[in-house]
Amino acid sequence: MSANGSRWLLVVLCLLGQWRTAGRAFEAEVLPLVEASCMDCHDRDTETALDFEALTFDLAKPEVFRMWEKVFDQVESGEMPPAKKPRPDSVKKQAALDSLGRHLRETSLAQQRKNGRVPARRLTRTEYEYTLHDLLGIGGDLSSVLPPENVSAPFDTVAIEQGISPVHLRAYLTAADAAIDEALQLGPKPDSGPRLIDYRNHPYVRMWFERELRRGGNTVKRTDDALVTFDGRPHTTRTDNMGIRFPVAGRYRIAADAYAYQAKTPVTFCIYRGNDRAGSAELIGSWQLDPGQPRQVEIEHYFTPEDYFYLAPADLDELPDGRSFWAFGARDYPGEGLAIRRLTLEGPLEKQWPPERTRNLLGEVDFRMRNGGGYEPVFPDEPLARVANVVSRIGPRAFRRPLENGEPEQWASLAMPALAEGRGFEEALRVVLRGMLSSPEFLYHRAKPGPLDDHALATRLSFFLWKSLPDDQLFHLAAEGKLSDPAVLEAETNRLLDDEKAQRFIDDFLDQWLELADIDATTPDENLYPEYDDILRQAMLEETRRFFSELIWDDRGVRELIDSDFTFVNRRLADHYGIPGVDGLEFRKVSLPVDSPRGGLLTQASILKITANGTNTSPVPRGAFVLANLLGTPPSPPPPGAGSVEPDTRGTTTIREELAAHRSVETCNRCHREIDPPGFALESFDPIGGFRTRYRSTGQGQVPEGTLFGRPIVEYRLGRPVDSTGTTPDGEAFSGVRDFKRLLLREEDQIARHFLHQLIAFSTGAEIQFADRAEVDQLLERSRNNGYGIREMIHAVVQSELFRSK
């Protein structure tokens with residue numbers, strides 16, 4: 001062997017010896033505790049997820065690191081060994097924790113120094129859409145073109161869980177094409193003046209006047225001055241069925257003159273936007289029509305050529321005997337309906353043509369009419385130079401950094417084949433834009449390990465609070481190197497929070513943290529819960545979003561997440577909650593009585609809806625939601641063969657009785673003693689968030705008295721009484737949800753810790769790592785001194801080293 005080879009072998013042997021020495025030291029400190037207190041239950045002969053005989057000490061392996069981190073947490077918290085087992089020797093325990101914690105921290109820090117906390121993070125579906133909206137001035141639905149985010153992490157922003165595949169790449173190209181189509185509007189100028197949609201006399205609608213009820217007709221009728229509809233289904237008033245199309249993508253104005261027909265109570269007028277490709281309808285406008293008071297309403301909304309809209313009534317009272325128009329047909333029905341006197345469609349609402357977004361994209365160009373119709377840009381330079389000019393202007397915003405010398409020309413070179421083939425400037429530019437909008441430079445957040453430079457910091461801040469690229473002011477501050485100044489960064493954080501685009505953060509954060517995106521995962525049984533409809537569904541979501549916005553705006557503390565003396569309601573939600581004196585569909589802040597069961601997140605209908613199925617409730621998913629989403633202490637998965645607990649909709653057996661039998665099994669009781677108490681406290685609320693004292697049942701029981709929206713309630717029976725009492729794992733009894741919230745507020749520190757963890761994961765793209773724990777503790781201590789204010793905690797995250805480093 002050569003001398004050089006001998007020296008290399010010596011180096012390798014020394015490094016191997018150091019690793020083994022470290023391993024032996026780690027092993028030597030931890031093994032005494034493991035052998036004395038853990039091995040009896042966690043060896044190869046026991047059926048648990050942890051086998052110490054198979055677990056190595058190589059913390060460089062992620063799966064080994066995660067297991068030892070879990071061991072550290074459970075031993076440090078006292079959760080392990082279990083309470084029924086002998087307590088470990090305090091000296092052995094502390095020595096093991098000190099050594100294990102040191103090795104975990106050093107390994108985590110080494111990984112962060114090498115690669116940063118966050119791997120390369122990809123734009124999420126939501127971020128991709130908003131970024132193209134802001135970059136190109138468009139407004140179409142792009143996220144639905146992209147594959148869903150299949151991540152097991154709490155947020156789709158967590159980089160380590162993100163993936164990319166050929167399916168993604170094809171979808172990005174499709175979405176980029178759709179965005180470019182909206183941005184480059186060089187076709188003929190559309191007629192944008194108001195267009196009357198004459199429902200009363202349109203041949204398509206007349207067909208439904210004459211058709212029999214059993215064939216879908218006779219659900220609308222014509223009066224002397226209006227079209228009257230009693231049917232919320234879309235087929236009779238779909239604009240595409242009437243030959244009415246949106247010529248180009250853009251904003252359009254719908255204006256209508258309507259009134260409540262034959263009504264004694266308010267009727268709701270709804271307009272839905274539909275798109276067959278997306279496969280769903282979106283409620284874009286709703287207005288309360290009071291009896292005897294015709295109303296003119298107006299809405300502006302973004303539509304694409306694939307979209308249509310339709311009209312629908314809501315809140316229609318049936319007749320006193322419970323019969324609806326289905327028993328009569330529209331021609332003879334004496335009950336409530338929606339009357340449309342006049343409706344006009346205007347748009348696209350552009351001040352000039354080609355539209356502003358096209359002019360902004362192409363720069364300072366003139367336009368001339370094409371011989372075959374439409375427009376073509378006119379510019380003094382060569383087409384390739386003009387393409388480079390476009391790249392030089394939008395490239396820094398698209399890539400969220402200054403372009404390097406020659407970079408615009410490199411991108412513009414992609415246009416050369418198209419120009420050589422004579423395909424023209426527009427097609428050549430499309431090739432370049434398509435490449436840019438599906439490139440790694442656009443799709444990924446890029447940064448080097450260590451502190452973020454000002455441009456990367458601007459990117460992280462804007463995608464945190466706006467879900468999109470930095471605006472001109474952030475770019476300007478980053479270019480001057482001022483954004484990293486703490487005072488400037490604080491001012492910019494406030495500016496972004498106070499901007500209307502911060503609603504994107506609120507919606508996306510709540511959709512994932514509180515799982516509001518799953519509100520349509522189940523459909524309430526219309527016989528058990530006839531009051532549920534899309535108007536109430538939207539009101540549920542709006543309450544939670546406005547509530548969280550208020551916490552940010554007023555810097556209220558995390559205690560308000562558990563209990564508060566206010567909420568936000570409109571008439572529909574106020575009726576649902578039994579809050580008097582609220583009229584109209586506009587939301588307003590209301591104070592809650594001292595004895596109200598409402599207040600905080602847990603008793604909001606949106607949360608109660610997503611933690612139940614459409615028929616019944618169970619303390620298990622609701623209790624698990626409280627543990628996982630508010631406290632950050634998710635229960636372990638049920639052991640094999642544990643079975644499930646399904647409530648009895650016939651009302652013969654209560655869920656409490658079924659859970660009592662379930663808890664008789666020790667392996668089940670270990671988790672259910674934590675899960676069941678919050679679930680029991682929330683049993684006072686039905687699957688759509690209504691307060692109840694008795695279960696609704698499809699079996700035997702008392703027929704409820706009273707009416708719902710003016711009609712008798714006959715669809716269900718009242719079953720057995722609800723019992724919302726319980727006992728916490730610490731042995732404290734509670735008499736209902738108000739009492740339970742009082743006990744839960746004692747966990748304020750843990751609630752704040754978990755909320756801070758969620759903010760960090762959502763904003764940085766990485767969950768809390770072992771090396772982060774010391775800084776997290778410092779952030780919490782500072783926030784505690786300020787009452788754990790939500791806005792202050794957002795500022796604390798943005799100013800932290802965790803946020804300001806890769």
Among Gly187, Gly274, Gly216, which is surrounded by fewer than 15 Cβ atoms within 10 Å (Cβ to Cβ) and within 30 Å of Gly139 (Cβ to Cβ)?
Gly187
Do you know which residues across region 559-583 are in a helix (DSSP H, G or I), open to solvent by less than 10 Å² (accessible area, probe 1.4 Å) and free of Cβ contacts under 8 Å to residues at least 60 places away in the same chain?
Leu573, Ala574
With the first residue restricted to region 274-295 and required to be over 30 Å from Val145 (Cα atoms), and the second required to be of a type in the set (Lys, Arg) and in a strand (DSSP E or B), Cβ contacts under 9 Å at 6 or more apart or on different chains are Trp287/Arg295; Gln288/Arg295; Leu289/Arg295; Pro294/Arg341
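Here is a yes/no grid of residues against (1) in a loop (DSSP other than H, G, I, E, B); (2) more than 21 Å from Thr304 (Cβ to Cβ):
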{"site": "Arg238", "(1), (2)": "yes, no"}
{"site": "Tyr252", "(1), (2)": "no, no"}
{"site": "Lys264", "(1), (2)": "yes, yes"}
{"site": "Tyr272", "(1), (2)": "no, no"}
{"site": "Glu282", "(1), (2)": "no, no"}
{"site": "Gln288", "(1), (2)": "no, yes"}
The condition from (1) open to solvent by less than 20 Å² (accessible area, probe 1.4 Å); (2) free of Cβ contacts under 8 Å to residues at least 40 places away in the same chain; (3) over 21 Å from the mean Cα position of the chain (by Cα) that Arg588 misses is numbered (1)
Across region 288-305, which residue is farthest from Gly137 (Cα to Cα) among those that are open to solvent by less than 30 Å² (accessible area, probe 1.4 Å) and more than 23 Å from the chain's Cα centre (by Cα)?
Leu289
Take region 548-558 and flag every residue that is open to solvent by 10 Å² or more (accessible area, probe 1.4 Å) and either closer than 21 Å to Arg692 by Cβ or outside any helix (DSSP H, G or I) (or both).
Asp554, Asp555, Arg556, Gly557
If I ask for residues that are among the hydrophobic types (A, V, I, L, M, F, W, C), outside any loop (DSSP other than H, G, I, E, B) and either touching an Asp or Glu at 6+ places or on another chain (Cβ under 7 Å) or touching a residue at least 24 places away in the same chain (Cβ under 8 Å) (or both), which ones from region 192-208 would you list?
Leu196, Val205, Trp208
Counting only residues that are among the polar types (S, T, N, Q) and crowded, with 21+ Cβ neighbours inside 10 Å, region 329-379 contains a total of 1
Of the residues that make up region 141-151, is at least one surrounded by fewer than 20 Cβ atoms within 10 Å (Cβ to Cβ) and in contact with a Gly (Cβ under 7 Å, 6 or more places away or on another chain)?
no
All but one of (1) assigned to a strand (DSSP E or B); (2) touching a residue at least 12 places away in the same chain (Cβ under 8 Å) hold for Lys189, so report the exception by its number.
(1)
Which ranges mark the helices (runs of 4 or more DSSP H) fully within region 435-523 that have 2 or more residues being farther than 30 Å from Leu608 by Cα and open to solvent by less than 20 Å² (accessible area, probe 1.4 Å)?
440-443, 454-465, 472-479, 486-498
Please tell me if Glu542 is open to solvent by 50 Å² or more (accessible area, probe 1.4 Å), charged (D, E, K, R) and more than 26 Å from Phe155 (Cβ to Cβ).
no
Out of region 580-591, which residues are within 10 Å of Val569 (Cβ to Cβ) and touching a Ser or Thr at 6+ places or on another chain (Cβ under 8 Å)?
Lys589, Val590
Considering every residue within region 415-429, establish whether at least one is among the hydrophobic types (A, V, I, L, M, F, W, C), under 25 Å from Arg117 (Cβ atoms) and open to solvent by less than 10 Å² (accessible area, probe 1.4 Å).
no
List the number of the failed condition for Glu792; all other conditions in (1) modelled with pLDDT under 95; (2) open to solvent by less than 70 Å² (accessible area, probe 1.4 Å) hold.
(1)
Matching residues in region 119-133 - criterion: being part of a helix (DSSP H, G or I) and either among the aromatic types (Phe, Trp, Tyr) or crowded, with 23+ Cβ neighbours inside 10 Å (or both)
Glu127, Tyr128, Glu129, Tyr130, Thr131, Leu132
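The values are calculated or read from the model by the stated rules, or taken from the named source; none is laboratory data. Everything quoted here is computed from the prediction, not taken from an experiment. With ideal geometry, Cβ positions are generated from the backbone for all residues, glycine too; neighbour counts draw on all protein chains shown. Surface accessibility is based on the protein's heavy atoms, side chains included, excluding ligands, DNA and RNA. Shrake-Rupley method; radii C 1.70, N 1.55, O 1.52, S 1.80 Å.
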